[in-house]
Amino acid sequence: MTGKDLQGIPNVKIAALEDNPARIMVLERALHRGGHHLARFRCGPPLVDAIHAEPFDMLLLDRDVADADAEELLDWVRRTLGHGLPVMMFGASDAESDVARCLMAGADAYVPQPVRDGELLARIEALARRAAAQPVRPATAPAGVLENGPDQLVCGEYRFAVAERQVWVKGVPVTLSPKEYALALLLFRHLGTLVARRTMIDKVWRGADMDEQSRTIDSHLSRIRTKLALWPFNGVMLRTVYRLGSRLDVA
């Protein structure tokens, strides 16, 4: 990160897709307070050219920009640059479906508008701090593609033998129930991406007639977090996005 300092995160170099004058004003005030640099673009092609020409520490994408498709741009970023570049999305909508759509598409955070500049600065610096602490996952290893072969998935201290439905942590086998194993494998295969609760039901419980907020899901998540020690000292962290789903991140 450009000039990073994990205590205050100064000099974060940010590219923003934004054409709304009021939102631009909030962005400029927030980033000026934090001592950060902002390059703003009103449409996608100049932003893509700038990304090719110089490094940025973060992207801010407004999904309401009239002359650009922020979600299409996000897809290009993830396919081209991987998940090492943090992306925050904005939008007027705070509907769960819209938030989930952006997070599942690969955004690291979603901020409903309007937002106060102090809150915005805190969110930007929190995302920058989190990104600075994580190793870069290249574009050649998109979410879920960590397998060494069709029957094996390896991620740091974790190894899954898919055909045998076995998992090892630091070489030690861990016993999981069939559904715990399926849920753990689903999360590891989508490392860094939000897995929606509906997706968990469809993939693990095979579309059972289960409410998305069922405590059964939470109980299974809690057990695999404990059994597999999904904590930073093992290189990963299981995070919950309230009412939407869970995401396994590199710690």
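The values are calculated or read from the model by the stated rules, or taken from the named source; none is laboratory data. Keep in mind that what you see is a predicted model, and the values were worked out from it rather than measured. Cβ coordinates were reconstructed from backbone atoms using ideal geometry, including for glycine residues, and neighbour counts include every protein chain displayed.
Values for this structure:
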| item | result |
| --- | --- |
| Residue match in the stretch 181-196 (condition: surrounded by fewer than 17 Cβ atoms within 10 Å (Cβ to Cβ), in contact (Cβ under 8 Å) with a residue 24 or more places away in the chain and part of a helix (DSSP H, G or I)) | no |
| Failed item, numbered, when PRO46 is tested on (1) under 24 Å from ARG198 (Cβ atoms); (2) of a type outside the set (A, V, I, L, M, F, W, C); (3) part of a helix (DSSP H, G or I) | (1) |
| Residue satisfying all of: in the stretch 13-41; basic (Lys, Arg) and within 17 Å of VAL77 (Cα to Cα); modelled with the highest pLDDT among these | ARG40 |
| Close pairs (8 angstrom Cβ cut-off, 6 or more residues apart or separate chains): among the β-branched types (Val, Ile, Thr) in the stretch 61-75, surrounded by 20 or more Cβ atoms within 10 Å (Cβ to Cβ) and outside any helix (DSSP H, G or I) anywhere | VAL65/LEU17; VAL65/GLU18 |
| In the stretch 44-68, residue modelled with the lowest pLDDT [restricted to those that are over 12 Å from ALA15 (Cα atoms) and surrounded by 14 or more Cβ atoms within 10 Å (Cβ to Cβ)] | ALA68 |
| Meets criteria (within 26 Å of THR193 (Cα to Cα) and either at pLDDT below 90 or of a type outside the set (S, T, N, Q) (or both)) for MET88 | yes |
